[in-house]
1. What ranking, highest mean first, results for peptides 8-15, 101-108 when packing means the other Cβ atoms within 10 Å averaged over each residue?
2. Out of every Cα pair in the range 147-256, what percent are spaced more than 17 Å from each other?
3. In nm, to one decimal, how far is the modelled label at Ser200 from the one at Asp231, with both set 7 Å along Cα→Cβ?
4. Below 11 angstrom from the Cβ of Gly131, what's the summed charge of the other residues (Lys, Arg +1; Asp, Glu -1)?
5. Please report how many Lys pairs in the range 232-351 have alpha carbons closer than 25 angstrom, counting only residues at least 8 apart along the chain or sitting on separate chains.
6. I'd like the Karplus ³J(HN,Hα) series for the range 151-163: coefficients 6.51, -1.76, 1.60, θ = phi - 60°, whole numbers in Hz, and an x wherever there's a Gly or Pro.
7. Using the charge dipole of the range 3-172 (Lys, Arg: +1 at Cβ; Asp, Glu: -1 at Cβ; taken about the Cα centre), state which of Gly104, Val128, Phe116 has its Cα farthest towards the positive end.
8. Students often forget the sequence filter, so: which lysines lie under 19 Å Cα-Cα from Lys171 once same-chain residues fewer than 8 apart are removed?
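Values quoted throughout were computed directly from the atomic coordinates according to the rules given, and no laboratory measurement underlies them. The model shown is predicted, which means the values in this text are computed figures rather than measured ones. Here Cβ is always computed from backbone atoms with ideal geometry, including for glycine, and neighbour counts include all displayed protein chains.
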Amino acid sequence: MDIFFRDNEVETDSLTDTYTKDTILSYISHLVEKQEQFSYALLDIDNFTYIRDAYGLEIANKVLYDIANEVKSIIGNDGVLARDTDDEFSIVFKGIVEYDTIWGLCHTILVKINEFQIPEIEGQTMTVTIGLARYPDNAGTREDLILCAQKALYRGKTKGRNCFIIYLPEKHKSIIPKDERQRALGAMSLHSNIFRFLTSTDDLRIGIINLFNFISSYFSVDHICIQTGKDIFLQKINPLSKVKEFKYIRDDLIRVNMNRLTEVLYVSDTSNLVRARHEELYEALAVQHITSTCFCEISYRNEIYGMLRADMAGTATEKHLWRYSEMDLLLTAAKTIALILHYTGKRFENL
């Protein structure tokens, strides 16, 4: 055990049994003062808010505990783990700054967490995003080092998550991570755009087309459409998509897998469907080379009009993890369309 933890009073997080944020910050200050080389990583659990909303607080806390202990098991004596915020952790790798070594450690964490199974959320693939900076290579103070790690983490999130970024000044110095207020304002702006596209014209068909063009471009979605009856309605295929043809997916295959609380079916990794014994849905997606998908029910009260569907497609190695904010926007779009249909008395076949 490092001399710091032997000679100082340290605190642990009661939920995850890792060190607290204050403890790890003091440890970083100690290493900087002693001018000892180390690497500092920020680890964020991807889409944890979705887990909490879909499964409840008790199971979400169990997920935090299990992942924290899995990470501790992975890093062993190479690192010290602390919980910073709700779903964000930090790791200090004392004496480890060589790029290839750090790359290997981060890669191992990523792979192991992808493979890690939590019984309470069977079928869900857990992923993390990691941003890492090195002392003294990247910064000479604690605050500057943390900022470098935040920039690397932010780059990982915008890249699509389920990845790790090792801070390199020539690539990441100009990044300005958004704070909570900026992220909230950005989300507000995106939601505002949804309402603007759908309500700026009396022709709902044109509004949906404009909205799909925006979502396809902004989020780089390969395919977005509405499924109604046994048809695909108003589909938009991204010009950059490697797959150029998408077909209807049976309604019963979707509904049997849909979360009735959120009215959303989210598949981050289609291979999980095989493990969960949903082979038919897996085959329906695989034949269209869909690697991840999100279905949101278009409904109001007891009336169901169809489903909003968004797909990412490509090879098995080209996986896109839906962000919670993206699914939130898709669900908002679905419910807004349902409201307009309800109050205008229209249906998709009449548009």
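1. On the way: 8-15: 12.8, 101-108: 15.8.
Highest to lowest by the protection proxy: 101-108, 8-15.
2. Above the 17 Å cut-off, the range 147-256 has 69 percent of its Cα pairs.
3. Spacing of the two 7 Å Cα→Cβ label points: 2.7 nm.
4. Spelling it out: positives minus negatives among the neighbours equals +2.
5. 11
6. Once rounded to whole Hz, the list reads 5, 5, 5, 4, 4, x, 5, 6, 6, x, 6, 6, 7.
7. Gly104
8. The reachable lysines, counting only those whose Cα sits under 19 Å from Lys171, are Lys151, Lys157, Lys159.
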